[in-house]
Structures are given as C-alpha cells and as structure tokens.
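> Let me begin by handing over the structure; questions about it come next.
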Amino acid sequence: MDDDTPTRTATATAVATAPTAGTAAAAAAVAPLAGFTVGVTAARRADELIALLRRRGATVLHAPALRIVPLADDSELLAATRELLACPPDAVVATTAIGFRGWIEAADGWGIGEELLGRLRAAELLARGPKVKGAIRAAGLVETWSPESESLAEVLDRLLVGGVAGRRIAIQLHGEPLPGFVEALRAGGADVVGVPVYRWMAPEDLGPLDRLLDAVVCGGVDAVSFTSAPAAASLLSRAEERGLAEPVLAGLRANVLAACVGPVTAVPLQARGVDTVQPERFRLGPLVQLLCRELPGRAKVLPVAGHRLEIRGQGALVGDELRPVPPAGMALLRALARRPGWVVSRAELLRALPGAGRDEHAVETAMARLRGALGVPNLIQTVVKRGYRLALDAGVDAKYADAPALRG
C-alpha cells in the first residue's frame with residue numbers, strides 16, 4: 001500500500017466515544033481513538049481510511065494533499081511509452097498496482113496497448129510487491145521476480161548484483177522521481193527511462209489542507225496520517241508557501257504524531273527531522289491499528305478525586321465516560337496535568353489560554369466551563385488566592401513529587 005496512492009477528494013468530519021471507572025480495563029471499553037483527532041492527507045482510498053478511523057471513534061480532518069493528472073491526458077506518459085516501443089527495455093520495474101494498471105489502460109486508449117504488452121513480455125519484469133504482481137498477472141503477463149519485503153531497495157540490489165552496465169531499464173514512477181534508485185542504476189552504467197504513470201499536483205481546493213496545517217500549529221489535531229511520499233511532500237510544500245514551515249515542523253516533531261503507511265512515505269518527513277511511526281505491514285488496516293495503540297499510549301492517566309482521569313487529545317475520559325472539552329478547557333487541563341496535584345497560578349493558566357489577553361477573569365470563566373465539561377466539578381480544586389490544582393488521590397503524590405511548584 002505504501003505510495004500506491006491518489007485520486008478523489010472527500011471532506012472532514014467527526015466522531016467520539018468513552019472508558020470506565022477506576023481501572024485501565026474499564027478504559028478499554030471505549031473506542032480506542034475516541035477523543036482523538038486524526039488528519040487524513042490521502043486522496044485515493046480516503047473514504048476507506050476515514051471509515052476505519054471513525055469506526056474506532058476518531059474525529060477526522062480530511063485534507064487531500066494532492067491530486068493526479070488523468071492518465072490518458074498525460075503527454076509525458078505517452079512520450080515515455082512511445083520511447084520504450086521504439087527502443088525496447090531490457091528490464092522494467094513496476095512499483096505500484098494502480099500505476100501499472102493505469103499505464104496499460106492508457107496505452108489501450110491510445111491504441112498501442114498490445115504493442116506495449118509485447119515489449120513488457122520480452123523484458124525482465126520486476127514487481128515491487130504482491131499487489132503489483134496481481135496487476136501484472138491481470139494484464140496477462142508474468143513477473144520475473146518480486147521481493148517479499150515490498151522494498152525497492154531489494155529490487156535495486158537484485159539489479160545491481162546482476163549487472164546493469166549497458167542495459168536499458170524502465171522504471172514506473174509513482175508520483176515523484178526516485179533519485180537514489182535512478183542514480184544508482186546510472187552509476188552502474190544503465191540507461192534509465194522513467195515512466196511517469198501519474199503526475200501529482202496540488203489539490204484544486206487548498207482550503208482543507210490549510211485548515212489541517214493550522215490545526216497542526218495550534219494543537220487541534222493529534223496525528224496526521226500519510227499514505228504516499230508525495231502527499232507528505234505536498235503538505236510540507238504548502239506549509240512553506242504559507243510561511244508556516246517551522247511551526248508545522250515543530251508541531252510534527254513534538255505533539256502531533258506523523259503516521260506513515262511505510263518507509264518510502266516517511267522519507268520527506270524524516271528528511272526534515274520529523275520522527276514517524278509505521279506499521280509492519282504497509283496497508284491501511286495496520287496503519288489504523290498502529291494509531292489505535294500509539295495515541296492512547298500517549299494519553300496521560302491520573303487518579304483524581306476517586307476517578308480515573310485520562311486526558312486525550314480533544315477530550316477526557318472520566319471513569320467510563322468520554323467528556324468532550326472545548327479548546328480553552330483542554331489548554332487549562334493540560335496545564336494542570338503537567339504538575340498533577342500541585343497548585344498552578346492563575347497567571348500561568350492565563351498564559352496557557354489561547355488568545356486570553358491579560359484579564360485573569362478569563363481563567364475563572366474557562367475553568368467553570370471546564371468543570372462543567374468534565375461533569376465532576378471536584379476533579380479540580382480552587383486554592384484561594386493562589387490558583388487551581390487537580391485533586392490527586394491521596395497516596396499517589398510521591399509519584400509526582402519532582403514537579404517544580406509549591407504544593408497547596
């Protein structure tokens with residue numbers, strides 16, 4: 001699935017759910033992604049990914065990061081195909097199932113499909129993975145070899161070990177050039193022809209992508225999922241265009257989880273110093289399962305006023321109930337949870353409030369709304385003339401004894 005991407009659009013939407021009192025086992029009763037917001041940058045198969053996330057309780061922000069040029073209209077693909085017909089390749093590397101199928105369908109539309117199949121049949125045909133093998137066989141062809149790892153690096157190793165000097169090698173590109181792959185083959189003496197089966201472009205409507213970037217900057221999203229390297233590159237490029245590159249990167253490096261379907265997809269992010277997580281199998285299902293482990297694993301869990309309080313991205317689990325909390329309330333709750341049981345001054349809480357200005361009365365208003373949202377007012381104690389604190393249960397204070405503040 002890694003990089004086997006794009007085409008349509010969709011829109012953002014939301015969902016949530018809840019856990020249980022006193023124990024972690026109770027919390028397991030809640031949908032694993034309830035209270036978390038996940039950004040989806042995919043275009044192709046976005047509906048499937050969104051459905052999987054919502055089914056597990058997530059709020060979803062859909063922001064297609066790219067679109068593709070329709071294959072039959074792409075003059076670059078036609079030119080590359082004619083070049084291969086005129087001067088046949090010795091080897092062909094097929095990298096994505098959708099791309100290979102689209103190439104054959106486009107050639108059929110141009111009236112040169114049978115001729116292309118003849119050239120492919122005579123060449124060494126290397127398939128990156130099982131999905132690509134399926135597309136090759138559906139076209140009536142048989143692959144020469146395919147790695148179990150679905151790794152292009154393994155394909156490259158096989159070609160180089162066999163010797164590429166003087167060989168003409170065609171590579172089906174998946175949306176953007178593969179410079180390291182191509183350069184290694186050319187350094188070995190190969191004549192490399194890139195086949196741009198689909199070309200990535202910025203989405204026609206940049207509004208959803210801009211809203212996702214804003215959410216990354218302000219903490220309105222807990223994770224962003226990527227299913228192709230071009231989508232990751234497009235998101236970063238749009239951030240550059242808006243002058244938001246550094247705050248977006250800061251968000252992705254700190255609080256927002258970057259979840260990639262595979263190692264190829266992760267490359268543009270890792271090149272900018274963003275750590276990513278990836279499932280062992282490069283598919284949508286395992287990607288969602290990974291998010292279901294990672295995001296709850298990052299949530300802070302505290303025993304407060306006889307309740308199990310779990311602070312999730314955009315809400316809190318109080319016992320077995322998910323309580324949605326507005327952004328101002330979440331800002332206060334996170335500030336209190338950084339030093340659980342310790343008094344946090346109104347001045348410090350005011351600084352944590354988004355756009356609150358200088359009036360400490362804003363803290364009292366937001367705190368009242370937070371208590372109402374949590375549904376258990378005594379989770380947060382007022383310490384007269386000093387501030388507020390979470391009512392941490394007795395006997396657990398020592399665990400948090402290194403917090404740099406005065407106890408109330």
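The values are calculated or read from the model by the stated rules, or taken from the named source; none is laboratory data. Keep in mind it's a predicted model, so treat the numbers as computed, not measured. FYI the Cβ positions are ideal-geometry reconstructions off the backbone, even for glycines, and counts take in every protein chain you see. Note: areas computed on protein heavy atoms with side chains; ligands, DNA, RNA excluded. Shrake-Rupley method; radii C 1.70, N 1.55, O 1.52, S 1.80 Å.
> For the stretch 54-105, what are the residues that are more than 30 Å from GLY313 (Cβ to Cβ), in a helix (DSSP H, G or I) and without any contact (Cβ under 8 Å) to a residue 40 or more places away in the chain? Steps first, please.
From the stretch 54-105, those more than 30 Å from GLY313 (Cβ to Cβ) are 68-105; that's our starting set.
Remaining after also requiring in a helix (DSSP H, G or I): 71-73, 75-86, 97-105.
The answer is ALA72, ASP73, SER75, LEU78, ALA79, ARG82, LEU85, ALA86, ARG101, ILE104, GLU105.
> Another question, if that's okay. Would you mind stating whether ALA190 is crowded, with 19+ Cβ neighbours inside 10 Å and hydrophobic (A, V, I, L, M, F, W, C)?
Details: crowded, with 19+ Cβ neighbours inside 10 Å: yes; hydrophobic (A, V, I, L, M, F, W, C): yes.
Judged against the criteria, ALA190 is a match.
> Could I ask something else about it? Do we have SER146 as touching a residue at least 12 places away in the same chain (Cβ under 8 Å) and either open to solvent by 40 Å² or more (accessible area, probe 1.4 Å) or in contact with a Pro (Cβ under 8 Å, 6 or more places away or on another chain) (or both) here?
Numbers: touching a residue at least 12 places away in the same chain (Cβ under 8 Å): yes; either open to solvent by 40 Å² or more (accessible area, probe 1.4 Å) or in contact with a Pro (Cβ under 8 Å, 6 or more places away or on another chain) (or both): yes.
Yes; evaluated as a whole, the condition is true for this residue.
> So, one more: Residue check: is THR96 open to solvent by less than 70 Å² (accessible area, probe 1.4 Å) and within 22 Å of ASP157 (Cα to Cα)? Give the steps one after another, and end with the answer.
Details: open to solvent by less than 70 Å² (accessible area, probe 1.4 Å): yes; within 22 Å of ASP157 (Cα to Cα): yes.
In short, yes.
> How about the stretch 150-209: which of its residues are among the hydroxyl-bearing types (Ser, Thr, Tyr) and outside any loop (DSSP other than H, G, I, E, B)? Don't jump to the end; show me each part of the working.
To start, the set of residues in the stretch 150-209 that are among the hydroxyl-bearing types (Ser, Thr, Tyr) comprises 151, 198.
TYR198 - this is the single residue of the stretch 150-209 that is among the hydroxyl-bearing types (Ser, Thr, Tyr) and outside any loop (DSSP other than H, G, I, E, B).
> Something else: Tell me the residue from ALA223, ALA305, ALA254, ALA299 that is of a type outside the set (Val, Ile, Thr) and open to solvent by less than 10 Å² (accessible area, probe 1.4 Å), please. Give the derivation first.
On the way: ALA305 fails: open to solvent by less than 10 Å² (accessible area, probe 1.4 Å); ALA254 fails: open to solvent by less than 10 Å² (accessible area, probe 1.4 Å); ALA299 fails: open to solvent by less than 10 Å² (accessible area, probe 1.4 Å).
On inspection, the qualifying residue turns out to be ALA223.
> Within the stretch 291-307, is even one residue within 17 Å of ALA42 (Cβ to Cβ), touching a helix residue (DSSP H, G or I) at 6+ places or on another chain (Cβ under 7 Å) and part of a helix (DSSP H, G or I)?
No, the stretch 291-307 has no match at all.
> Right, GLY113: over 25 Å from VAL264 (Cα atoms) and either touching a Cys at 6+ places or on another chain (Cβ under 6 Å) or open to solvent by 10 Å² or more (accessible area, probe 1.4 Å) (or both) or not? Steps first, please.
Values: over 25 Å from VAL264 (Cα atoms): yes; either touching a Cys at 6+ places or on another chain (Cβ under 6 Å) or open to solvent by 10 Å² or more (accessible area, probe 1.4 Å) (or both): no.
So GLY113 does not fit the description; no.
> Can you name the residue in the stretch 311-329 that is open to solvent by less than 10 Å² (accessible area, probe 1.4 Å) and assigned to a strand (DSSP E or B) and, of all such residues, is farthest from ASP222 (Cα to Cα)? Let's see the steps before the verdict.
Let us first name the residues in the stretch 311-329 that are open to solvent by less than 10 Å² (accessible area, probe 1.4 Å), namely 313, 315-317, 319, 329.
If we keep only those that are assigned to a strand (DSSP E or B) as well, we get 315-317.
Details: GLY315: 11, ALA316: 14, LEU317: 16 Å.
This residue is LEU317.
> Right, here's the next one. Looking at ALA254, is it out of contact with any strand residue (DSSP E or B) (no Cβ under 7 Å at 6 or more places or on another chain) and at pLDDT below 95?
yes
Residues are listed down the side, and each one gets a yes or a no for (1) farther than 12 Å from VAL92 by Cα; (2) of a type outside the set (A, V, I, L, M); (3) surrounded by 19 or more Cβ atoms within 10 Å (Cβ to Cβ); (4) at pLDDT 95 or above:
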site	(1), (2), (3), (4)
ALA106	yes, no, yes, no
GLY109	yes, yes, no, no
GLY118	yes, yes, no, yes
GLU124	no, yes, no, yes
GLY129	yes, yes, yes, no
VAL132	yes, no, yes, no
ARG137	yes, yes, no, yes
GLY140	yes, yes, no, yes
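> Among (1) open to solvent by less than 40 Å² (accessible area, probe 1.4 Å); (2) touching a residue at least 24 places away in the same chain (Cβ under 8 Å); (3) of a type in the set (A, V, I, L, M), there is one condition VAL182 misses while meeting the rest; what is its number?
Against the list (1) open to solvent by less than 40 Å² (accessible area, probe 1.4 Å); (2) touching a residue at least 24 places away in the same chain (Cβ under 8 Å); (3) of a type in the set (A, V, I, L, M), VAL182 comes up short only on (2).
> So, one more: Quick one: count up the residues across the stretch 332-353 that are among the small types (Gly, Ala, Ser) and either modelled with pLDDT under 90 or open to solvent by 20 Å² or more (accessible area, probe 1.4 Å) (or both). Full working, then the answer.
Filtering the stretch 332-353 for residues among the small types (Gly, Ala, Ser) gives 335, 337, 341, 345, 347, 352.
Pick out the ones that are also either modelled with pLDDT under 90 or open to solvent by 20 Å² or more (accessible area, probe 1.4 Å) (or both) and you get 341, 345, 347, 352.
Final tally of qualifying residues: 4.
> For ALA165, state whether it is exposed (fewer than 13 other Cβ atoms within 10 Å of the Cβ) and at pLDDT 95 or above. Walk me through it before giving the result.
Numbers: exposed (fewer than 13 other Cβ atoms within 10 Å of the Cβ): yes; at pLDDT 95 or above: yes.
Criteria met by ALA165.
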